[in-house]
Amino acid sequence: MERRDYYEILGVEHSAPDEEVKKSYRKLAMQFHPDRNPGDKQAEEKFKEAAEAYEVLRDPEKRKIYDRYGHEGINGTGFRGFSGFDDIFTNFSDIFEDVFGFTGARTRTRSAVRQGADLRYDLKISFMNAVKGTSTQIELEKFERCKECAGTGAASGTQPEACSRCGGRGSVTQSSGFFTISTTCPQCRGAGRVIKNPCKACYGTGKAKTRKAVSLKIPAGVETGSRLRLRGEGEEGDFGGPSGDLYVFIHVEPHEFFERDGYDVLCQIPISVTQAALGATIEVPTIDNKESVKIPKGTQSGKIFRLKGKGVAHLKGIGRGDHVVQVLVKIPTNLTKKQEELLREFARLTGESAS
């Protein structure tokens, strides 16, 4: 008998995205599941047919081969159709957990091993440490493997015992019509072991709260909102699972003189009326040292001067921003009698009126 097109079986177009393929299969699996159609051979065949189609179309490589060569191409890869009910829960555990509320034993056993939680630490640093980079140490409290029981959770001189309910497998089997279903053991919750004499230091959890110092290298160029990730410095995992990560969020304190705009550093420098009018060379502080800036004759208040490459280093290590100087002409307020006379003479020569 000629085999039907997999896309036709699932009722989707050849261009259908993965999520649509999965959604269609989920619907068919619910409709033709043997537990919902006891004794219906036709429903069982449709269930197998849909499972076979999904097993191919869910795999990008198999789908690519099938789209190009059809059933013959898939057969050439060693695929021989429906893999059988024993493997269906392993292959499609995501589908069956969504649809029927259970999954395969292997998936449940794996889920007992859990990665530890990620941690957050908020760190205040100075403006100069942010733009120049620095190394520091932070202290935080977190759960790590208990030293008293070496992470077993059992009191000294004892060991965890195999769960009597599941025999240490972490799962129990139940018959449900057509299938034998493996579910998480309710007694040990998938761990496969029970602790009769818990460790007094960690109360049987295998983890205890400790205070730890962590070395931290802050790269030049960070700013408020920058986030540093330290892999494995989070909480200890469960049942041998990997530790989580530590995320350090940077908060930069303001500087009394400098401001920042991206990778540029900004500052304002006051100059006198005579410097603005006659021109001058002034020294300007930067994040590295002092730089000379030439003020041309006739400079107006608010004029911007740019020192190329004297700003903040880029986080990716490519170049630096600029140091931007804005000059503000400072008007004298306490003139001597001689200074007033000279200014009045200047006003007379320029035709300006003065009180």
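The values are calculated or read from the model by the stated rules, or taken from the named source; none is laboratory data. Keep in mind it's a predicted model, so treat the numbers as computed, not measured. A quick note on method: Cβ atoms are made from the backbone with ideal geometry, for glycine too, and the neighbour counts reach across all protein chains shown.
To keep it simple, each residue is scored yes or no on (1) assigned to a strand (DSSP E or B); (2) without any contact (Cβ under 8 Å) to a residue 24 or more places away in the chain; (3) more than 30 Å from PRO270 (Cβ to Cβ).
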| residue | (1), (2), (3) |
| --- | --- |
| GLY204 | no, no, yes |
| ALA208 | yes, no, yes |
| ARG211 | yes, no, yes |
| LYS217 | yes, no, yes |
| GLY221 | no, no, no |
| THR224 | no, no, no |
| LEU228 | yes, yes, yes |
| SER243 | no, no, yes |
| TYR247 | yes, no, yes |
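Here is a yes/no grid of residues against (1) assigned by TED's automatic domain parsing to the domain that holds PRO38; (2) touching a Lys or Arg at 6+ places or on another chain (Cβ under 7 Å); (3) farther than 30 Å from GLY204 by Cβ:
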position: MET128; (1), (2), (3): no, no, yes
position: GLY133; (1), (2), (3): no, no, yes
position: THR136; (1), (2), (3): no, no, yes
position: LYS142; (1), (2), (3): no, yes, no
position: THR158; (1), (2), (3): no, no, no
position: ALA162; (1), (2), (3): no, yes, no
position: THR173; (1), (2), (3): no, no, no
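Please go through the range 149-162 and give me each residue that is crowded, with 17+ Cβ neighbours inside 10 Å and farther than 17 Å from GLU235 by Cβ, ordered by number.
Taking the range 149-162 first, the residues crowded, with 17+ Cβ neighbours inside 10 Å are 149, 151-155, 160.
Residues satisfying the conditions are CYS149, THR152, ALA154, ALA155, PRO160.
Considering only residues of the range 250-281 that are of a type in the set (A, V, I, L, M, F, W, C) and without any contact (Cβ under 8 Å) to a residue 40 or more places away in the chain, which is surrounded by the most Cβ atoms within 10 Å (Cβ to Cβ)?
Here is the first cut: in the range 250-281, the residues of a type in the set (A, V, I, L, M, F, W, C) are 250, 252, 257-258, 265-267, 269, 271, 273, 276-278, 280.
Subsequent filtering for residues that are without any contact (Cβ under 8 Å) to a residue 40 or more places away in the chain retains 257, 277-278, 280.
Values: PHE257: 11, ALA277: 14, LEU278: 13, ALA280: 16.
In this case the residue turns out to be ALA280.
Counting just the residues of the range 200-232 that are in contact with a strand residue (DSSP E or B) (Cβ under 6 Å, 6 or more places away or on another chain) and closer than 17 Å to ALA154 by Cα, which one comes out surrounded by the fewest Cβ atoms within 10 Å (Cβ to Cβ)?
LYS209
Of GLU97, GLU148, which residue is modelled with pLDDT of 85 or more, of a type in the set (D, E, K, R) and not in a strand (DSSP E or B)? Don't jump to the end; show me each part of the working.
Numbers: GLU97 fails: modelled with pLDDT of 85 or more.
It is GLU148.
Of the conditions (1) surrounded by 12 or more Cβ atoms within 10 Å (Cβ to Cβ); (2) part of a loop (DSSP other than H, G, I, E, B); (3) polar (S, T, N, Q), GLN31 fails just one. Which one is it?
(2)
If we scan the range 295-315, do we find a residue that is in contact with a Ser or Thr (Cβ under 7 Å, 6 or more places away or on another chain), without any contact (Cβ under 8 Å) to a residue 12 or more places away in the chain, assigned to a strand (DSSP E or B) and not assigned by TED's automatic domain parsing to the domain that holds ASN129?
Within the range 295-315, none of the residues are in contact with a Ser or Thr (Cβ under 7 Å, 6 or more places away or on another chain), without any contact (Cβ under 8 Å) to a residue 12 or more places away in the chain, assigned to a strand (DSSP E or B) and not assigned by TED's automatic domain parsing to the domain that holds ASN129.
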